[in-house]
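Take a look at the structure set out below.
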Amino acid sequence: MTARRSLFSLAAILSASWALAADVIPDASQRFAKEDAAEVPEFRRHIVPLLGKLGCNGRACHGSFQGQGGFRLSLFGYDFKMDHEGLKERLDVDAPADSYALQKPTLIEPHEGGKRLDVGSWEYRMLLNWIKDGAKPYDAATHADFVQLHVEPQEIQFRNKGESAQLNVVVEWTDGTREDVTKLCRFQSNNEQVATIDRNGLVVSNDVGDTHVVVFFDNGVMPIPVLRPVTDLIGPKYPQVATPTKIDELVAHKLSKLGIVPSGICGDAEFLRRVSLDITGTLPTESEVREFIADGSPDKRSQKIDELLERPGYAAWWTTKLCDFTGNNDNVMNNIFFERDTPAKYWYNWIHARVANNTPYDKLVEGIVVANSREEGESFRDFTQAMATIYSGDQQQFAERSSMPFFWARQNVRQPTEKALAFAYSFMGVRIQCAECHKHPFDQWTQEDYNEFTKFFTRVQFSNRRDLDAYNALVKELGVEGRNGNDQRNQFNRLAREGKAVPLSEVFVAPLSSNNRRQTPNRNNRNNNNRTSIVTAKLLGDEVVNLSEVPDPRSALMDWLREQDNPYFAKAFVNRVWANYFNVGIVEPPDDLNLANPPSNAALLDWLAEEFIARGFDMKWLHREICNSAAYQRGWDPNETNRLDERNFSRAVPRRLPAEVAVDVLAQATLSDAKNAEMVHKLDGRAIARTTLRGGNNAFALDVFGTSTRESNCDCDRSMEASLLQTIYIRNDADLDRLLSSRDGWVQQIVAELNPRAAVRDDDNSRGSRELRELVRQYDLQETRLAELKQRQPDNPRIKQLEERQDQMKKQIDRLRKANAPNDPPATETADKPKFDAENLVTRAYLRTLSRYPNSEELTSASTFLNESKDLGTGLKDLMWALLNTKEFIVNH
């Protein structure tokens, strides 16, 4: 495999010289231009590409699943047998010019698709000559196969709008021939605002920026970068930009072509907040911000990165991300254990143990890809007893098992095709579902490639039939034989919680018999007489594997993923990690690595992937390398050159906090100092450490902010879009009021510190204190609503009624406080008017929410507001509410 790929890489380097070589067959538009052209075209080399060029096999025409006018072609033209069979009915080899295949597209006969070619054109002559020669089909045994495309120029750099460049495309075949196929290719622009491309491959410059134009021919897809500088700061005019890391060198090289000057390095406070949220999903504490800003050490940023990577938040947050990518969804796992969320917790704990120990990424993935329910040498009885012990005791013990099999046990990945899709998405960042029905529109995968790939998964089973006799014997032994399904399941649950072994279905790989036939019971034939012969499978874009030579076909997949030149595995993970830090991936969307969706900076992605492999798939190395780069540490303030750049990493792009992080930081910012600090080092109750998607106190908030549903093979299961509902939640939801009014909250802490008599004691849980706390909460909530009503409808007659009710509640609060503490003065006399340093409190509020000091204007305005508030508690709540509702709080920047 490696040698062949190396040859292909060399071929790509030499593509320009090949395209100009004297032995290249001229373009078909030249060869068939004259009436006396005698050349006979080939079906695969010429006719099928021509049908694609003319749009005949497109979705809107005969390539649709229903076809058009009773005539159907394979979508994008890669089922040569089907296409030839369909065309034969529209050919007249005795009178070629009378063929429907010629009369329809020339409108000699009515054609709903309109006119596609002219009589006497080179396209017409090509089709006519093929029909005259008997319209021979493609024969894989005797005809050459596709090798690759060579396109020049390999990069286009425009200076002005309206400039043009012509692409020239040469195809190489296995018989050694090379042919100019420019006029037979299909072309697309990935961004027509930057550049357009016509049907003949002429690229025309439009607005400034960069994109790719893509060439399609046969099984080849070739993207060509197109750039038009944003400014004239290119070449010798480009300013000197510091490039302290290899990442920065590669980013700056691309920026220099575009005339984009990166933003400066962000300040310490901005960096600390950004890196803390990205790595650990946690805000820095007030004291941490103060200490970091005051620290004069030149390497304090790299030290902080190292420190954050050792915190529990890192392992928790990145376990959650890996659970997203691998599809840990308890809603599709109620067939594994007796409680639906149990396998989801085991799954989370298993990954978490490896992230915390910095297990190499390939080893972590191997434990999922080649997972079986039983350990090596473990009997069915031993397996069930081990699981019962875990189920009834410490669930963390599951993390000590060598593999995590639930990836293959989910109800939505029961069929081999579903397993193939899940595997490609999770570990390759590839969406191959299009190839399940037809040729992939943007990549090289055909339906045959897809079908060959799925064969790796046909023997991966989840059932109770690996050792059915032992399963039935255990059912009988437990005395639950013959009970209905739900009753039996409940009995199993009860017995398992008592630590008894109960029968479980398991993930395993069914063996091949000596005649290489699958020994898995057929659903319609329990005697398994109708076995399907499966001998080989093909890796995507790679070699054929003899499945009879490998006990577990998944091991061949894992070996392939690990290869140095595997084009997907390392790149998929690197790209997803990069997207977490930069808002967009080097390939965007991050889970759609396909040839027509090339990286914005191919050299950068290649280098990161190569180094990731060379470093033994060290995940912390990758995080550390990215976070230490100047590219990551740039400010979000744009300059005139990069204000529109969101794909070349010239500045930080503010992005909304992920759902779990948003929920956690709302709680963290409002908690007391002690509780706030606890969240940095403890995971109890943290949304970023949520082991199951079901229920929980934060379920509604997580849905509002778009937590991943883990329902499909797509990163889009997580929403990062801002919405009106999120704004309403932070402004008006009772959850936020509870956080701001909590006895464990910062507001109550400050009130207690400055005026213990006015505070609702946290440690007093008497009936009177509970009643007082609830009354204070209601009073504060009503006060907020009253203020809003006065602002919106100052003449509303209800205002006077609400004010009277507030006065009554105030008096009742004073009576309760007096009853709880007879010697304390009434709150209306002294408790609501403590002496306090408003500027200090404002500064502390800013540090715990926005992780920075307030500027002078903010400090003056907020201090004045706090001093003019009628009581300290209400003033602090309002100040905190205002800070939590800023864009600066809810985005990372």
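Can you find, among Ala101, Leu308, Met404, the residue farthest towards the positive end of the dipole of the chain? Put +1 on the C-beta of Lys and Arg, -1 on that of Asp and Glu.
Towards the positive end, the residue furthest out is Met404.
Here is the link list: Lys257/Lys321; Lys345/Lys419; Lys246/Lys887; Lys115/Lys183; Lys254/Lys887; Lys53/Lys132. Which ones come out longer than 28 Å on Cα distance?
Lys257/Lys321; Lys246/Lys887; Lys254/Lys887
Relative to the first principal axis of the alpha-carbon coordinates of the chain, what is the inclination of helix 300-309, with its axis defined by its Cα atoms, in degrees from 0 to 90 and to the nearest 10?
80 degrees
Based solely on its DSSP helices, what 222 nm [θ] is calculated for the chain when runs of n ≥ 4 H residues each add -39,500 (n - 2.57) and the sum is averaged over all residues, nearest 500 deg cm²/dmol? Write down the numbers at each step before the final one.
On the way: 35 runs with 383 residues, N = 893.
When only DSSP H runs of four or more count, the value is -13000 deg cm²/dmol.
Return the ratio Rg/(2.2 N^0.38 Å) for segment 551-695, where Rg is computed over Cα atoms only.
Relative to the rule-of-thumb radius for its length, segment 551-695 sits at 1.28.
Compute the separation of the alpha-carbon centres of segment 51-113 and segment 693-712 and state it in Å as a whole number.
If you average the Cα positions of each part, the centres end up 49 Å apart.
State log₁₀ I(q)/I(0) for segment 177-296 at q = 0.12 Å⁻¹ as given by the Debye formula over alpha-carbon point scatterers of equal weight, solvent excluded.
Evaluating at q = 0.12 Å⁻¹ gives log10 I(q)/I(0) of -0.71.
Using a basic spin-label model with each label point 7 Å from the Cα along Cα→Cβ, how many nm lie between Asp145 and Glu310?
5.4 nm
Label Leu478 and Ala734 with points 7 Å out from Cα along Cα→Cβ: what is the distance between them in nm?
4.1 nm
What angle, in degrees between 0 and 90 and rounded to the nearest 10, separates the Cα long axis of helix 553-562 from the longest principal axis of the Cα atoms of the chain?
It is inclined by approximately 80 degrees.
I'd like the Karplus ³J(HN,Hα) series for segment 134-145: coefficients 6.51, -1.76, 1.60, θ = phi - 60°, whole numbers in Hz, and an x wherever there's a Gly or Pro.
Karplus-based 3J(HN,Hα) across segment 134-145 equals x, 6, 5, x, 7, 10, 4, 6, 10, 9, 6, 9 Hz.
Considering only protein heavy atoms and a probe of 1.4 Å, how much of the accessible area of the chain is carbon and sulfur, as a whole percent?
C and S fraction of accessible area: 47 percent.
Taking all pairs of distinct Cα atoms, average 1/r, flip it, and tell me the Kirkwood hydrodynamic radius of the chain in Å to one decimal place.
Mean inverse Cα-Cα distance, inverted, gives 32.1 Å.
State the percent of C-alpha pairs, over all pairs in segment 653-695, separated by a distance greater than 13 angstrom.
Here the tail beyond 13 Å accounts for 57 percent of pairs.
Can you list the aspartates and glutamates whose alpha carbon sits under 14 Å from that of Lys161, skipping same-chain ones fewer than 8 residues off?
Glu192, Asp207, Asp210, Asp232
Report ³J(HN,Hα) in whole Hz for each residue of segment 337-348, in order, from the Karplus equation J = 6.51 cos²θ - 1.76 cosθ + 1.60 where θ = phi - 60°; Gly and Pro get x.
Working through the residues one at a time gives 10, 7, 10, 4, 7, 4, x, 5, 5, 4, 4, 4 Hz.
Rounded, prolate or oblate: which one fits segment 367-408, using the alpha carbon gyration tensor with axes a ≥ b ≥ c (rounded when a/c is under 1.5, else prolate when a/b beats b/c, else oblate)?
The shape class here is oblate.
Residues with amide H under 5 Å of Val545's amide H, sequence separation 5 or more or different chain, H placed in the peptide plane at 1.01 Å from N; which?
Close amide H contacts, sequence-distant or interchain: Ala537, Lys538, Leu539.
List the aspartates and glutamates whose Cα sits under 15 Å from the Cα of Lys455, skipping any in the same chain fewer than 8 residues away.
Hits, sequence-local ones excluded: Glu418, Glu436, Asp542, Glu543, Glu549, Asp552.
Where a Cα-Cα gap under 17 Å defines reach, which aspartates and glutamates qualify for Lys34, not counting those fewer than 8 residues away within the same chain?
Lys34 reaches Asp118, Glu123.
Any idea of the accessible area per residue across segment 333-486, 1.4 Å probe, to the nearest Å²?
39 Å²
Could you calculate the FRET efficiency of Asp295 with Ala603 from 1/(1 + (r/R0)^6), where r is the beta carbon distance between them and R0 is 35 Å, rounded to 0.05?
Numbers: r = 35 Å, r/R0 = 1.00.
That gives a FRET efficiency of 0.50.
With viscosity set to 0.692 mPa s at 37 °C, what whole-number translational diffusion coefficient in µm²/s follows for segment 38-162 from Stokes-Einstein and a Kirkwood radius over Cα pairs?
Translational D for this selection: 208 µm²/s.
Accessible area per residue for segment 591-712 in Å², computed with a 1.4 Å probe and the full protein assembly in place, what is it?
Solvent-accessible surface per residue comes out at 37 Å².
If r is the Cβ-Cβ distance from Ile265 to Arg615 and R0 is 22 Å, what FRET efficiency results, to the nearest 0.05?
Values: r = 26 Å, r/R0 = 1.16.
E(calc), rounded to 0.05, equals 0.30.
How high is the FRET efficiency between Thr389 and Ala699 when r is their beta carbon distance and R₀ equals 30 Å, given to the nearest 0.05?
Approximately 0.45, to the nearest 0.05.
Using a 1.4 Å probe, what is the accessible area per residue for segment 68-194, in Å²? Don't skip to the answer; put the middle values down first.
Numbers: 6320 Å² over 127 residues.
With all protein chains present, segment 68-194 gives 50 Å² per residue.
Between 0 and 90 degrees, rounded to the nearest ten: what's the tilt of helix 485-497 against the longest Cα principal axis of the chain?
The answer is roughly 60 degrees.
Taking a ≥ b ≥ c as the square roots of the Cα gyration tensor eigenvalues, with a/c under 1.5 meaning rounded and otherwise prolate when a/b beats b/c, else oblate, which class fits segment 235-345? Walk me through the numbers on the way to the answer.
Details: a/c = 3.87, a/b = 1.70, b/c = 2.28.
Oblate.
May I ask for the net charge around Arg199, where only other residues with Cβ less than 15 Å from the Cβ of Arg199 are counted and Lys, Arg are +1 while Asp, Glu are -1?
0
How high is the relative contact order of the chain, in percent, counting Cα pairs under 8 Å that sit 6 or more residues apart? Kindly include the intermediate steps, with their values, before the conclusion.
Values: 1427 pairs, mean separation 99.8, N = 893.
Contact order relative to length: 11 percent.
Given the Cα atoms of segment 282-352, and with Rh set as the inverse mean 1/r over their pairs in the Kirkwood sense, what is Rg to Rh to two decimals?
Reported Rg/Rh, Kirkwood definition of Rh: 1.23.
Step through the residues of segment 882-893 one at a time and calculate ³J(HN,Hα) from phi using the Karplus curve (6.51 cos²θ - 1.76 cosθ + 1.60, θ = phi - 60°), rounding each to whole Hz and writing x for Gly and Pro.
After applying 6.51 cos²θ - 1.76 cosθ + 1.60, I find 5, 5, 5, 9, 7, 4, 4, 6, 8, 10, 9, 8 Hz.
Measure off 7 Å from each Cα along the Cα-to-Cβ vector at Ala819 and Asn464, then give the distance between these two points in nanometres to one decimal.
Between Ala819 and Asn464, the simple spin-label model gives 6.0 nm.
Would you pull out the residues with amide H under 5 Å of Gln148's amide H, same chain only if 5 or more places away, H placed 1.01 Å from N?
Glu172
Hull surface divided by four, with the convex hull built on the Cα atoms of segment 535-637: how many nm²?
7.8 nm²
Taking each pair of different alpha-carbon atoms in segment 352-497 once, compute 1/r for the pair, average those values, and report the inverse of that mean as the Kirkwood hydrodynamic radius in Å to one decimal.
Over segment 352-497, the inverse of the mean reciprocal pair distance is 17.9 Å.
How large is log10 I(q)/I(0) at q = 0.13, 0.19, 0.20 Å⁻¹ when the Debye formula is applied to the Cα atoms of segment 615-727, each weighted equally and without solvent?
-0.75, -1.22, -1.23
For a quick check: with amide H placed at 1.01 Å from N, whose amide H comes under 5 Å from Arg178's, ignoring anything fewer than 5 positions away on the same chain?
Amide H neighbours of Arg178: Ile25.
Apply the Kirkwood formula to segment 326-409: the hydrodynamic radius equals the inverse of the mean of 1/r over all pairs of different alpha-carbon atoms; give it in Å with one decimal.
Final number for the Kirkwood radius of segment 326-409 is 13.1 Å.
The values are calculated or read from the model by the stated rules, or taken from the named source; none is laboratory data. Bear in mind the structure is a predicted one, so any value in this text is a computation, not a measurement. For neighbour counting, all protein chains shown are included, and Cβ atoms are generated from backbone atoms with ideal geometry for every residue, glycine included. Heavy atoms of the whole protein, side chains included, go into the accessibility calculation; ligands, DNA and RNA do not. Shrake-Rupley method; radii C 1.70, N 1.55, O 1.52, S 1.80 Å.
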